[in-house]
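> Attaching a single structure in structure tokens format; questions to follow.
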Amino acid sequence: MKRLSVVIGKKQYVFGQELSTEAIALRAARKKAEKVVGVIFLSCAGVFILLSVLLSFLSSTTFILTSSFWLEPNGTAMLFFIGLFFCLLTIFHLIETQTITETIPRRVIGEAVPELVPVVTDVEQVDISALFDPQMQTATDEGFSLAKQFGHAQVEPLHFFVSSLSDENAGAVLGRLQIQFSKIKEPVGRRLGTRQLGAVVELSAEAEECLLRAFVNAYMQGRHVVSAFELFYESFSHDAFVQELFFDQGVTVEQFTNMVEWVRIHEKSREQYERFQKAAARKPIGAMNRSMTSIATPTLDAFSEDLTTAAVQGRLDLLVGGESQLEQLFQIIEGGRQSVVLVGPEGVGKLAMIEGIAQLMVEERVPSILKDKRLVCLSLTTLLSGVEPAEAEDRLMQVLYEAARSGNIVLALTDLDQVTDQAAGILVEFLSRGSTFAIATTTPQGYVAAVERSVLGRVFQKVVVAEPEQSQAIQVLESKILGIEFTQNVSFTYMAVEKIVQLTDRFMHESFLPQKAIEVAKEVAVMVAKEKGKDGLVTPDDVGKLIAQKTGVPTTRVEEEEKQTLLHLEERMHLRVVGQEEAVKAVSSALRRARTQLRAENRPIATFLFLGPTGVGKTELAKTVAETYFGNETNMIRLDMSEY
């Protein structure tokens with residue numbers, strides 16, 4: 001079997017760990033020995049310190065508080081210091097046994113996914129097993145042991161799938177997808193009974209690829225170690241039988257992948273908060289940079305928010321997606337020190353992208369020109385409103401003057417299209433000097449009206465932020481769900497989250513994803529909390545019920561009353577419309593197809609052209625449809641083209 005590797009930089013990452021009964025037993029024995037040594041050290045520390053305290057109180061209750069106890073030689077103090085020595089040994093042992101010597105290299109924004117290539121002998125090799133967390137190591141060993149137990153000739157992805165099911169995050173995936181383990185246990189057992197037998201167990205090419213892909217996933221997500229959850233995902237992706245098993249339970253590969261991403265988002269959010277807390281010790285908060293050369297900015301501070309400070313404190317949400325736009329933005333800034341304007345409809349995530357840049361600045365995963373800088377979000381609307389134009393311009397000039405003098409500020413400007421002509425001239429003159437640059441936001445309409453052909457267009461390069469596709473919107477919504485669940489004391493199934501995005505995309509066209517999906521998620525959580533109480537479960541039916549209330553379009557499952565309406569639609573319509581059999585039948589069939597989802601989701605339910613002279617019932621048929629199925633003949637939009 002030709003071995004595979006992942007090349008990153010000048011190193012070649014391979015799976016080089018021995019998988020055998022003896023090697024696994026040796027690792028288990030070493031792990032057990034480490035635990036025993038740790039317990040011995042901790043026990044000795046406790047015993048010696050406890051003895052010193054008891055002896056001190058037996059001699060005198062205040063002896064331990066006197067200077068003679070600490071400065072003069074005595075047996076009690078010696079016992080105490082021996083106990084303290086064992087405390088230090090315990091801490092040192094714990095650090096030594098849990099420290100991973102190798103680290104996953106840091107990925108550069110915009111870098112492509114590394115490919116798996118054959119091993120090359122003349123390139124430095126790194127064993128990825130040194131990057132496995134304890135659960136991943138256990139899952140790898142148990143996968144081999146399972147194959148050995150069944151007498152199989154090879155370790156396959158199915159073995160790793162079974163061994164990684166014990167990971168708590170794998171349990172979260174099954175729970176959110178509402179899949180019961182008992183329903184997949186028996187089919188998996190039967191499948192294991194059909195694998196090829198052999199006296200010697202080897203690692204199959206597919207299983208090796210699972211391990212390497214798990215490492216690649218961790219690298220792409222900026223993780224420090226490879227978790228068992230990544231092995232769970234990759235073993236699912238590499239085994240068609242497991243995918244079919246989930247499909248039989250109503251879960252597609254895309255749904256499974258989005259649910260995996262939900263768990264990853266949760267883990268990254270938790271790790272990000274912990275990482276930013278550590279970064280706070282290195283990243284200056286407020287006006288001062290590391291070189292202590294910047295100055296105070298009182299006027300700017302009064303009309304702005306320091307996003308880098310918010311990032312250091314862990315107050316910003318994790319950025320999901322938008323990597324291509326970030327890469328384009330960094331290229332513009334790094335290439336010509338030009339300012340950038342993010343152009344997109346309200347609600348598509350322009351401000352979230354700016355907050356994501358602030359987080360990357362804290363981690364210093366940005367071009368050098370952005371390092372050791374403050375990203376300050378300035379609301380131009382707030383700055384320029386409520387005062388006379390002259391005073392507004394004075395404010396802007398003072399803010400820009402402070403930013404220039406500080407020398408470590410990057411401005412984030414919201415609603416760039418709200419800048420007046422005079423203020424725009426001041427801003428352009430300031431940015432043209434090159435002392436700093438800005439990242440602004442505006443809508444497509446605002447860009448055309450106020451930026452594209454104005455002086456602002458000379459200094460701001462356009463980066464389009466489009467409405468995300470449904471899968472991307474689902475992942476963005478997943479990043480918000482945990483906060484909504486905590487606030488309302490409810491839980492969402494994955495199918496409910498997916499349904500929110502699908503229905504808002506289909507029926508709510510006055511706003512854009514992901515913002516409209518986030519708003520609906522909050523509303524449905526409130527509704528479920530009131531109707532079902534604490535720990536209520538939000539299901540797709542709850543989502544359909546809320547969307548139906550907001551839009552007037554039935555979106556829940558077909559209930560008995562609606563079923564009768566659909567079955568007898570022609571009869572009910574004929575109570576108002578006499579004749580017109582062909583038209584009534586065509587409209588009724590279209591409505592039934594729509595309610596059973598037998599239509600393309602990106603197209604209208606149907607399009608009809610009713611032809612006939614005035615008075616034969618064309619408009620009456622439309623009103624009848626609205627009354628019969630949607631409850632009232634006013635539930636329709638009528639455009640009289642003669643008025644145009």
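The values are calculated or read from the model by the stated rules, or taken from the named source; none is laboratory data. Owing to the predicted nature of the structure, the values given are computational and were not obtained by experimental measurement. In this analysis, Cβ positions are derived from the backbone assuming ideal geometry, glycine residues included, and neighbour counts consider all displayed protein chains. Only protein heavy atoms, including side chains, enter the accessible area calculation; ligands, DNA and RNA are left aside. Shrake-Rupley method; radii C 1.70, N 1.55, O 1.52, S 1.80 Å.
> Would you confirm, using the coordinates I've provided, whether K10 is over 23 Å from M220 (Cα atoms) and of a type in the set (K, R)?
no
> A follow-up question, please. Could you list all residues from the stretch 221-234 that are under 18 Å from V162 (Cβ atoms) and assigned to a loop (DSSP other than H, G, I, E, B)?
Listed by number, the list holds a single entry, S227.
> Another question about this same structure. When the stretch 71-105 is examined, which residues are found to be part of a loop (DSSP other than H, G, I, E, B), surrounded by fewer than 12 Cβ atoms within 10 Å (Cβ to Cβ) and at pLDDT 75 or above?
Once the filter is applied, which keeps residues that are part of a loop (DSSP other than H, G, I, E, B), surrounded by fewer than 12 Cβ atoms within 10 Å (Cβ to Cβ) and at pLDDT 75 or above, the stretch 71-105 yields only T103.
> Mind listing whichever residues of the stretch 496-523 are in contact (Cβ under 8 Å) with a residue 24 or more places away in the chain, not hydroxyl-bearing (S, T, Y) and not in a helix (DSSP H, G or I)?
M508, F512, L513, P514, listed by residue number.
> Quick check on my filter: what residues within the stretch 482-495 are at negative phi and not in a helix (DSSP H, G or I)?
Result: V490, S491, F492, T493.
> For A466, only one of the following conditions fails: (1) of a type in the set (A, V, I, L, M, F, W, C); (2) touching a strand residue (DSSP E or B) at 6+ places or on another chain (Cβ under 6 Å); (3) in contact (Cβ under 8 Å) with a residue 60 or more places away in the chain. What is its number?
(2)
> Counting just the residues of the stretch 230-261 that are open to solvent by less than 10 Å² (accessible area, probe 1.4 Å) and within 18 Å of the chain's Cα centre (by Cα), which one comes out nearest to Q472 (Cα to Cα)?
N258
Condition check ((1) touching an Asp or Glu at 6+ places or on another chain (Cβ under 6 Å); (2) open to solvent by 30 Å² or more (accessible area, probe 1.4 Å); (3) assigned to a loop (DSSP other than H, G, I, E, B)) across all residues:
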position: F160; (1), (2), (3): no, no, no
position: Q178; (1), (2), (3): no, yes, yes
position: G189; (1), (2), (3): no, yes, no
position: R195; (1), (2), (3): no, yes, yes
position: C210; (1), (2), (3): yes, no, no
position: Y219; (1), (2), (3): no, no, no
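> Out of all the residues in the stretch 143-158, which are part of a helix (DSSP H, G or I), without any contact (Cβ under 8 Å) to a residue 60 or more places away in the chain and of a type in the set (S, T, N, Q)?
Residue satisfying the conditions is Q149 alone.
> Oh, and also: If N408 satisfies every condition in (1) more than 24 Å from V312 (Cα to Cα); (2) surrounded by 15 or more Cβ atoms within 10 Å (Cβ to Cβ); (3) not β-branched (V, I, T) but one, which is the exception?
(1)
> Could you say which residue among G16, G46 is at pLDDT 85 or above and in a helix (DSSP H, G or I)?
After applying the criteria, what remains is G46.
> Which numbered condition trips up D372, out of (1) part of a helix (DSSP H, G or I); (2) open to solvent by 20 Å² or more (accessible area, probe 1.4 Å)?
D372 satisfies every listed condition except (1).
> Where residues in the stretch 428-481 are acidic (D, E) and either out of contact with any Pro (no Cβ under 7 Å at 6 or more places or on another chain) or in a helix (DSSP H, G or I) (or both), which of them is surrounded by the most Cβ atoms within 10 Å (Cβ to Cβ)?
Ranking the candidates gives E478 first.
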